[in-house]
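The values are calculated or read from the model by the stated rules, or taken from the named source; none is laboratory data. Source: prediction; values computed, not measured. Don't worry about glycine lacking a Cβ; one is built from the backbone with ideal geometry, like all the others, and counts go over all protein chains shown. These area figures cover heavy atoms from the full protein model, side chains too; ligands, DNA and RNA do not enter into them. Shrake-Rupley method; radii C 1.70, N 1.55, O 1.52, S 1.80 Å.
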Amino acid sequence: MSGTDDALYERLAAFEGLPAATAGTGKDPVNLPMIRHWCEAMGDEHPAYRGPDAVAPPTMLQAWTMGGLSGHTDRSSAYEELFALLDGAGYTSVVATDCEQEYLRPLRPGDEIGFDTVIESVSPRKTTKLGTGHFVTTRTDVRAGGELAGTHRFRILKYAPAARPSPEAEKPRRPRPVINRDNAGFWEGVAGHRLLIQRCGDCAALRFPWLPGCADCGSREWDTVEASGVGTVFSYVVMHHPSFPAFEPPYAVGLIELAEGVRMISNVVGVPYDKVRIGMPVRLEFLRVDEELELPVFRAGGED
């Protein structure tokens with residue numbers, strides 16, 4: 001880094017350990033309607049999240065602390081000053097990069113939520129494909145009735161966007177899927193124009209995306225069934241912004257419910273983006289996007 005960068009980073013690092021929010025409170029106690037909406041959106045039908053003894057899905061931890069459209073009033077001046085300093089240095093764009101959660105006790109309907117958030121770290125200047133900037137990590141300690149229930153680390157990149165390539169530049173390729181030992185069989189199926197769904201070897205529950213163990217019974221035994229390719233649009237979004245290399249917005253991304261009962265995310269093709277509708281029938285096809293990569297997509301109007 002240059003001397004100017006060093007001086008800026010010293011100022012940024014001084015914010016580490018300062019509070020971003022103190023004595024925050026959830027706008028609503030843990031409640032069954034929010035749990036139900038979450039489970040319906042995620043397609044999670046686990047019985048632990050229903051009935052008189054229901055608990056909240058652990059991954060809802062952040063949901064109970066979010067401020068909604070009206071925001072929170074308990075954000076600290078240090079948090080605002082940090083972001084003003086980054087903005088002033090030209091790092092005016094922001095993108096969420098990842099989060100980590102730790103669960104210490106289940107949350108139940110009626111729990112009143114409190115939380116404190118600290119600026120845990122600010123990275124030295126980093127250069128990414130999006131641009132150059134600093135990663136900012138905050139840690140939120142979530143409490144129920146004063147007892148620590150979990151922690152939520154949230155990391156963003158505050159950056160100056162990289163210069164866009166000229167129109168004459170070679171068109172970028174689609175991002176490559178991350179293939180590992182848990183999902184290699186799925187991508188082998190795609191290469192053979194087969195959409196494979198995992199099936200538990202003990203309870204026969206179908207699951208997608210591919211996982212090393214069954215979410216219903218915990219078994220690590222499994223085989224596969226081939227999807228028929230018939231489905232419907234369960235939900236969808238239309239991507240307008242931000243634009244990513246190799247993608248030309250606007251375009252529709254659907255949550256597709258397959259005839260077999262599982263859901264997967266993919267592009268909806270064959271109709272304009274503004275004509276996609278929930279419940280629209282679709283059918284699987286395989287789209288070659290470059291010389292190396294072929295992807296499963298769903299074409300609208302897939303009725304037999």
Query raised in the report: What shape does the stretch 112-261 have by the C-alpha gyration tensor, where a ≥ b ≥ c are the square roots of the eigenvalues, rounded means a/c under 1.5, and otherwise prolate means a/b greater than b/c and oblate the rest?
Result: oblate
Report summary line: The distance between the Cα centres of the stretch 241-260 and the stretch 135-150, in whole Å, is 33
Report summary line: Gyration tensor on Cα atoms of the stretch 125-190, a ≥ b ≥ c root eigenvalues, a/c under 1.5 rounded, else prolate if a/b beats b/c, else oblate, says oblate
Query - Translational diffusion of the stretch 44-197, µm² s⁻¹ [Kirkwood Rh, Cα pairs; Stokes-Einstein; 37 °C; 0.692 mPa s] - result: 169
Query raised in the report: So, with a 1.4 angstrom probe, what is the percent of accessible area on the stretch 114-202 that is carbon and sulfur?
Result: 51
Report task. Provide the solvent-accessible area of residue 222, counting protein heavy atoms only and rolling a 1.4 Å probe, rounded to the nearest 10 Å². Result -> 110
Query raised in the report: Taking the Cα centre of the chain as the origin and placing charges on Cβ (Lys, Arg +1; Asp, Glu -1), which of 247, 55, 204 is farthest toward the positive end of the dipole?
Result: 247
Query raised in the report: For the chain, what relative contact order do you get, as a whole percent, if you take Cα pairs closer than 8 Å and at least 6 residues apart?
Result: 13
Query raised in the report: Can you give the accessible area per residue of the chain, in Å², using a 1.4 Å probe?
Result: 57
Query raised in the report: Expressed as a rounded percentage, what relative contact order does the stretch 167-223 have, with Cα pairs under 8 Å and six or more residues apart?
Result: 26
**Report entry** Surface/4 of the Cα convex hull for the chain, nm²
**Finding:** 19.5
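At 1.4 Å probe size, put 142, 178 in order of accessible surface, largest to smallest.
The ordering from most to least exposed comes out as 178, 142.
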